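The values are calculated or read from the model by the stated rules, or taken from the named source; none is laboratory data. Please read all numbers here as calculations on a predicted model, not as lab measurements. Neighbour counts are summed over all protein chains in view; Cβ atoms, including those assigned to glycine, are modelled from backbone coordinates with ideal geometry.
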Amino acid sequence: MKSKTITLFLVSFFALSSCEEALECAFGLDPEINENSVAPAQLDQEYFQIITGEVDNDPNDNAYDYFFEIYGDLPPGIDVLFFARRIELVGRPQEVGTFNFRVYLYVESFDNGFFDASPTCSDEVSKNFSLVVTE
């Protein structure tokens, strides 16, 4: 009888200690990159594109800290500006071609004096983009 009680206590303890993460997944709290593609650009013409992020299924998604990273190729002349919940691609492309890159979004939170590096069900989200520059 004692071993059943101890086993039940341990199972309850571990279930309740991971409850917050289970709830995050049950409600689908995940970081999300909103855009599915970027607009094409023309050589030597002003270009401007915004890529935004959010935490899906959380009405208080402004309470999170958003961190973007970009890996891959961008045309010469295009710069990336990082803001709180978005990145902007701006400039004048100097080369014709198709430029493939991947955007990563990481979300963290700092609430009531506590830091949570994984406040959502998944730690990150990423999406592939292709920027086509024509003459």
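Brief remarks follow.
- Residue-level analysis places Glu88 outside the set of residues that are modelled with pLDDT under 95, surrounded by 12 or more Cβ atoms within 10 Å (Cβ to Cβ) and in a strand (DSSP E or B).
- Test: Phe99 is at pLDDT below 90, surrounded by 12 or more Cβ atoms within 10 Å (Cβ to Cβ) and part of a strand (DSSP E or B): no
- Looking across the range 58-85 at every residue that is touching a strand residue (DSSP E or B) at 6+ places or on another chain (Cβ under 7 Å), over 25 Å from Gln42 (Cα atoms) and not in a loop (DSSP other than H, G, I, E, B), the one that is modelled with the highest pLDDT is identified as Phe68.
- Sub-6 Å Cβ pairs linking a first residue in the range 66-82 that is at positive phi to a second residue that is assigned to a strand (DSSP E or B), at least 6 apart or interchain, are Gly72/Asn100; Gly72/Phe101; Gly72/Arg102; Gly77/Gly91, ordered by first then second residue.
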